[in-house]
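Working notes for the structure below.
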Amino acid sequence: MSEFRMPVLGADMEAGTLVEWRRQPGETVTRGDIIAVVDTDKGAIEIEVFEDGVVDRLVVQPGTKVPVGTVLAVIRSAGGPAPAGVPAAAVAPAPPAPVVRPAPPVPAAPAAAVTPASPAARRRARELGIDLAGVRGTGPGGAVTLDDVVLAGASPAGEPAAAPVDRADGMRRAIAAAMARSKREIPHYYLATPIDVRGATAWLADENARRDVPDRLLLAVLLIKAVALGLRQVPELNGFWTDGAFVPGRGIHVGTAISLRGGGLVAPALHEADGKSLDVLMRELRDVVQRARTGTLRSSELADPTVTISNLGEQGVDEAFGIIYPPQVALVSVGRVVDRPWAADGRIEVRPVLTASLSADHRASDGHRGGLFLAAIDRLLQKPETL
Amino acid sequence: MTPDALKQTVLDALAGVAPEIDRAQIRPDVPFRDQLDLDSMDMLNFMIALHKALQVDVPESDYRQMATLASCLAYLAGKLAAKTPAGPDRPR
């Protein structure tokens, strides 16, 4: 027997509301199956199981808000029924990710119908005073999308909610808590290096000219791959600072900061990014951005990024020095590509240049290693065809 | 395709990328990026939606001509006009 608990979907999560069970007692589950949907400040999250087995019983009823770590269900291991009398906790599986943090007690909210919905939909519903429970969801997994809310707002059937959910504020508070903790606990050091991306952008333009629109690549994907490969060379930047020690990441799972329309951001992981082709990474990035914005990410994507990339170049920022997302130990920020005078081979030329910067936890690594990491990214981006 | 139908198609594609936009509020001469906060992923998804709806392939080098609603409509109208004479759907 093992206990399936409310997972920690990032350092800023304290509690979640069980929305629905996707599996019932007696049904078999395989590692990676989606067993439940949980509602958080980041929208509805599909929760995966971490082992094979059979659902023994469901402990928490839909509509209940519980702190992280609360037992949600009991699962019989695939090896057969556990011997009777063994306390479930004795064989509880390792937590899904080394995100270890004592959660402050959160009073369980009274059971109320909670509807999966995108953050933008929640915000608009709040503005319009619409109860999401009364809105028919057309998004993934029946999630309420912004369109659904607008539609409900326009129809006479949409009745004002008794107590509109203030989700955007919840996300703001969650980000505030995580970032304040980071600045309180993590001794950041910061490094930056300008990178000539003439080769990378020319390669990308060539490549995209040959591709149909749906198969085109974005520069962001080259950056993600370069960061992932760079981390192979400097592994002490890939992982977590937990209980006073560095815990290396199991795999290189690159969290990509995605800003949500209507405010807030999430940084879901692209798993094993160092071993994937640019095409696969591009497909996964498109998919995850889409799901982040409609509010249907999966638990593993939020729970286990081992590093984060923040790409603020889109907003026209030249360079940025981000705040590490605890318990990770490094964050890479990328600025915009801009034409600059560049000295090379004894001459000055105009070249497209971007600034990559590293915010790293000095407890886990030193500036020298951080510098090697940025140099590795630079070197990798000079050979885009090998990414 | 009539200008109105084309505009409708373009606005539908935009709404698919940025569902919260108010179509009536879109200013035709202000870049989408500035008024709708679109990033490069949004722009790519916008192109993919247009590709699906109109079977038009916009090369990356022409993206700057797609920056505003007005320039985008003019560009697509030109593309469609150039395509129609040889198009398979043309009545014979």
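Taken over region A:303-313, the criterion of being under 19 Å from the mean Cα position of the chain (by Cα) and under 19 Å from A:V289 (Cβ atoms) is satisfied by A:A303, A:D304, A:P305, A:V307, A:T308, A:I309, A:S310, A:N311, A:L312. Looking across region B:12-30, the residues that are more than 11 Å from chain A (Cβ to nearest Cβ) and surrounded by fewer than 16 Cβ atoms within 10 Å (Cβ to Cβ) come down to B:D12, B:R23, B:A24, B:Q25, B:R27, B:P28, B:D29, B:V30. Scanning region A:218-248 for residues that are part of a strand (DSSP E or B) and either in contact with a helix residue (DSSP H, G or I) (Cβ under 9 Å, 6 or more places away or on another chain) or surrounded by fewer than 21 Cβ atoms within 10 Å (Cβ to Cβ) (or both), we see that the one that is modelled with the lowest pLDDT is A:T242.
All but one of (1) closer than 30 Å to A:F246 by Cβ; (2) touching a residue at least 60 places away in the same chain (Cβ under 8 Å) hold for A:S333; which doesn't? All conditions pass for A:S333, except number (2). Residues that are of a type in the set (S, T, Y), in contact with a Phe, Trp or Tyr (Cβ under 9 Å, 6 or more places away or on another chain), more than 11 Å from every other protein chain (Cβ to nearest Cβ) and surrounded by 14 or more Cβ atoms within 10 Å (Cβ to Cβ) are absent from region B:74-87 altogether. Specify the residue that is modelled with the highest pLDDT; the eligible residues are those in region A:13-48 that are part of a loop (DSSP other than H, G, I, E, B) and crowded, with 24+ Cβ neighbours inside 10 Å. Checking each candidate, the answer is A:M13. Residues in region A:251-291 that are more than 14 Å from chain B (Cβ to nearest Cβ), under 16 Å from the mean Cα position of the chain (by Cα) and surrounded by fewer than 20 Cβ atoms within 10 Å (Cβ to Cβ): A:G251, A:H271, A:E272.
Let's see how each residue does on (1) modelled with pLDDT of 80 or more; (2) within 14 Å of chain B (Cβ to nearest Cβ):
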{"site": "A:T145", "(1), (2)": "no, yes"}
{"site": "A:A157", "(1), (2)": "no, no"}
{"site": "A:P160", "(1), (2)": "no, no"}
{"site": "A:R167", "(1), (2)": "no, no"}
{"site": "A:R172", "(1), (2)": "yes, no"}
{"site": "A:A177", "(1), (2)": "yes, no"}
{"site": "A:I195", "(1), (2)": "yes, no"}
{"site": "A:W203", "(1), (2)": "yes, yes"}
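Got at least one residue in region A:106-113 being at pLDDT below 70, within 30 Å of A:D39 (Cβ to Cβ) and within 24 Å of the chain's Cα centre (by Cα)? Checked against the condition, which is being at pLDDT below 70, within 30 Å of A:D39 (Cβ to Cβ) and within 24 Å of the chain's Cα centre (by Cα), region A:106-113 yields at least one hit.
The residue that is nearest to the other protein chains (Cβ to nearest Cβ), counting only those in region B:31-71 that are over 10 Å from the mean Cα position of the chain (by Cα) and outside any helix (DSSP H, G or I), is B:D39. Number of residues in region A:205-229 that are touching a residue at least 12 places away in the same chain (Cβ under 8 Å), within 9 Å of chain B (Cβ to nearest Cβ) and more than 20 Å from A:V289 (Cα to Cα): the value is 0. A single entry from A:G295, A:G313 fulfils the requirement of being over 19 Å from A:P187 (Cβ atoms), surrounded by 18 or more Cβ atoms within 10 Å (Cβ to Cβ), modelled with pLDDT under 90 and within 11 Å of chain B (Cβ to nearest Cβ): A:G313.
The values are calculated or read from the model by the stated rules, or taken from the named source; none is laboratory data. Here the structure is a predicted model, which means the values were calculated and not measured. Ideal geometry is used to build each Cβ from the backbone, glycine not excepted, and the neighbour counts take in all protein chains shown.
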